[in-house]
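Asks: Would you mind keeping the following structure in view while I ask a few things?
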Amino acid sequence: MPSSVTQFKDLELHYDATAAVTVTFWTDLPGGTVTSRRSLTFPATTGREVLRLPFDDSGNSYALPEGRIFKVRMTVASGVLRLFGGILRGRRLGEYIDGTQGEIWETLELAF
Amino acid sequence: MIESVKEFREVELDIDTDANTSVTFFTEMPNSAMTAVASATVFAATTGRLGLNMRLPGSAKGKLCKLRITSTAAIRLFGARVLCRALGGNFQWQWVSVPVEPTAELFSMKALPIEPTGEVLSAMRLPIEQTPVNRIWVNVPVDSVA
């Protein structure tokens, strides 16, 4: 059974950071290679905070990143990050056809 | 059981595509071999999800049909249906859905694998040797008197 494709909506972090946190989100689609798709900047905090940032914004034509596998990388430049939790929101796509890898969608012969 | 011959008029797709998309419609008539009766690159890249239609020629008839969708980029297919009617009687045109794997309407949450932080402080002993509670006798070395 092929693995399902997920469309990712946003990322919520429970964190405490003395400097801005850069979060890079990677997925494998389209193309099949895990590639950086989005970069989010979580601001420095005063104590522990919860913040949710969307993946769809005007800079990406409000498109959502998609993939079968994903990776999250967080970096802090000249600061400290205390990470208490993180939540990704997404939904499973029923039919995703990656034309860049030569995939096609075709039905069986149908008898209505 | 395969039913009567049908006439196919239109294909409608509920789709989100990143580039031009080709749709090919097959039937087994004539010649009893599945053959493409209509094929066109009809859909340019969409901005989000859209319902798009493709008209079929009048020669699109058969008991069986097949649909193929291709593109050079990513396609997200949410639904498809075909407008058809049975021949040989006073049958009405009707939309028939093509089986498409459903997409969830709501987002669900997934926690990232982050090591949890304890909510309560706990005590941790330092490695310091304990002082005995009771005093003990200790022999003091005294030189013996010859």
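The values are calculated or read from the model by the stated rules, or taken from the named source; none is laboratory data. These numbers come from a predicted model, not from an experiment. Glycine gets a Cβ as well: all are built from the backbone with ideal geometry, and neighbour counts include every protein chain shown. Ligands, DNA and RNA are excluded from the accessible area calculation, which covers all protein heavy atoms including side chains. Shrake-Rupley method; radii C 1.70, N 1.55, O 1.52, S 1.80 Å.
Asks: Sticking with the crude label model, points 7 Å out along Cα→Cβ, report the distance from residue B:115 to residue B:31 in nm, one decimal please.
Replies: 6.7
Asks: Output needed for the range B:57-101: three equivalent-ellipsoid semi-axes, defined as square roots of 5 times the C-alpha gyration tensor eigenvalues, in descending order, whole Å.
Replies: 26, 13, 8
Asks: Measuring from centroid to centroid over Cα atoms, what is the spacing of the range B:26-48 and the range A:82-98 in Å?
Replies: 34
Asks: Another question, if that's okay. Name the lysines eligible as straight-distance cross-link partners of residue B:66: C-alpha to C-alpha under 19 Å, and not fewer than 8 places from it in the same chain.
Replies: B:6
Asks: Quick one: 3J(HN,Hα) in Hz for the range B:77-93, Karplus 6.51/-1.76/1.60 with θ = phi - 60°, rounded, Gly and Pro as x.
Replies: The phi angles translate into 9, 9, x, 8, 8, 10, 8, 8, 8, 7, 8, x, x, 8, 9, 8, 5 Hz.
Asks: To the nearest 100 Å², how much accessible surface do chains B and A cover up together, summed over both, with a 1.4 Å probe?
Replies: That pair hides around 3500 Å² of surface in total.
Asks: Let me ask something else about it. Could you tell me what percent of the accessible area of the range A:60-112 is made up of carbon and sulfur, with a 1.4 Å probe and every protein chain present?
Replies: 51
Asks: For peptide B:97-106, what's the mean number of Cβ atoms from other chains within 10 Å of each residue's Cβ?
Replies: 4
Asks: Another one. Can you give the charge dipole size of chain B about its Cα centre, rounded to the nearest 20 debye, using +1 on the beta carbon of Lys and Arg and -1 on the beta carbon of Asp and Glu?
Replies: Computed about the Cα centre, the dipole is about 780 debye.
Asks: Got a sec? Charge dipole of the protein assembly as shown, +1 on Cβ for Lys and Arg, -1 for Asp and Glu; which of B:37, A:22, B:69 is way out at the positive end?
Replies: The Cα lying farthest towards the positive end belongs to B:37.
Asks: Taking amide H atoms as placed 1.01 Å from N in the peptide plane, list the residues 5 or more away in sequence, or in a different chain, whose amide H sits under 5 Å from that of residue B:78.
Replies: Long-range HN contacts for residue B:78: B:14, B:15, B:16.
Asks: May I pose another question? Using a 1.4 Å probe on the protein heavy atoms only, what accessible surface does residue A:42 show? Give it in Å² to the nearest 10.
Replies: Roughly 0 Å² of residue A:42 is accessible to a 1.4 Å probe.
Asks: May I have the extent of the alpha carbons of chain A along their three principal axes, as whole Å values ordered from largest to smallest?
Replies: Projected onto the principal axes, the Cα atoms of chain A cover 63, 29, 24 Å.
Asks: I've got another one for you. About the Cα centre of the protein assembly as shown, how large is the charge dipole given +1 on each Lys and Arg Cβ and -1 on each Asp and Glu Cβ? Please answer in debye to the nearest 20.
Replies: My answer is approximately 280 debye.
Asks: Hey, another quick one. Evaluate the distance, in nm, between pseudo-label points positioned 7 Å from the Cα of residue A:101 and of residue B:124 along their respective Cα→Cβ axes.
Replies: It works out to 4.4 nm between the two label points.
Asks: Take every residue in peptide B:71-83, count the Cβ atoms of other chains within 10 Å of its Cβ, and give the average of those counts.
Replies: Taking all residues of B:71-83 together, the mean is 5.
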